[in-house]
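Asker: My structure is below; once you've seen it, I'll send some questions.
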Amino acid sequence: MIIAIDGPAGSGKSSTAKAVAQQLGFHHLDSGAFYRALTHAALSAGLPADAWESLTVSALKALNIDSEPTEDGHRFTMNGQDITSSIRSPEVNAHVSHMARVPAVRDWLLGQLRSAGSECDLVADGRDIGTVVFPGAELKIFLTADPAVRARRRLLERGIQPNDDELLLEADRLGQRDRIDSEREIAPLRQAYDAIVLDTSDLSPAEQTARIVDLARSRGAS
Ligand code: CDP
């Protein structure tokens, strides 16, 4: 069984997907982490962001990134060095949507994500999971929340007790990323026609996890 969770930045996809996977005994595939690892690698290799659009698959392979599944998701290396803890930096946040719209990147990662998800029960989260990566998923969730709520959660996650100015700035950063993700030509952020929308603005992490687990059980997960 595949559960696809898509939605805008900071809507809680990854943490929810992880908790749902734990409760159901499924694997968790955080597709955004793959786009983030590539972004971190391109930035550390000094590839200028305005030239990413023309990156080829062989240029991507030359970055020498590897991934392996762990109990907690995936571990990423670049030239053998662990880069897992670097992929959520503010710098990667600011650039990842530019990497994610590059045609060679989408093409290359599509194959990798599909094979990471073959032959096991899976909760996968991202932007195009229910529309492109696993269009046959048995359960599709589109997770949303108010921009201000998403911004607050993102800052709290980083240990920042935000004031109003910081909230506005963060909401703006998330909004810019959503715009690029929604407007790109290949695999844009879209709600699949058969997705169930879950607005988490007023839900706790435990509540949103329980809703999805219940839906999955009603569709045959044990
Ligand atoms: O956790 P957050 O919502 O901040 O983002 P993420 O899931 O880690 O994804 C980071 C970025 O990767 C997104 O803003 C998209 O640009 C890209 N992405 C994508 O294009 N397609 C996916 N299936 C997953 C992520």
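Asker: Does Gln208 qualify as being open to solvent by less than 50 Å² (accessible area, probe 1.4 Å), among the polar types (S, T, N, Q) and touching a helix residue (DSSP H, G or I) at 6+ places or on another chain (Cβ under 9 Å)?
Answerer: yes
Asker: Follow-up question, since we're still on this one. What tally of residues in the stretch 7-33 results from selecting those that are open to solvent by less than 10 Å² (accessible area, probe 1.4 Å) and either touching a strand residue (DSSP E or B) at 6+ places or on another chain (Cβ under 9 Å) or at pLDDT 95 or above (or both)?
Answerer: Looking only at that region, the number is 9.
Asker: Looking at (1) open to solvent by 20 Å² or more (accessible area, probe 1.4 Å); (2) over 17 Å from the mean Cα position of the chain (by Cα); (3) of a type in the set (A, V, I, L, M, F, W, C), which is the only condition Val132 fails?
Answerer: So Val132 meets the others, but not (2).
Asker: When the stretch 124-141 is examined, which residues are found to be touching a Leu at 6+ places or on another chain (Cβ under 7 Å) and either at pLDDT below 95 or more than 13 Å from the ligand (Cβ to nearest atom) (or both)?
Answerer: Correct list: Leu139, Ile141.
Asker: Here's something else I'd like to know. Kindly indicate whether any position in the stretch 195-209 is more than 15 Å from Gly12 (Cβ to Cβ) and either of a type in the set (S, T, N, Q) or assigned to a helix (DSSP H, G or I) (or both).
Answerer: no
Asker: May I pose another question? Taking the condition free of Cβ contacts under 8 Å to residues at least 40 places away in the same chain and at positive phi, does Glu119 pass?
Answerer: So Glu119 fits the description; yes.
The values are calculated or read from the model by the stated rules, or taken from the named source; none is laboratory data. Keep in mind the model is a prediction, meaning the values are calculated, not measured. Note: ideal-geometry Cβ built from the backbone for every residue, glycine included; neighbour counts use all protein chains shown. All accessible areas refer to the heavy atoms of the entire protein, side chains included, with ligands and DNA or RNA removed. Shrake-Rupley method; radii C 1.70, N 1.55, O 1.52, S 1.80 Å.
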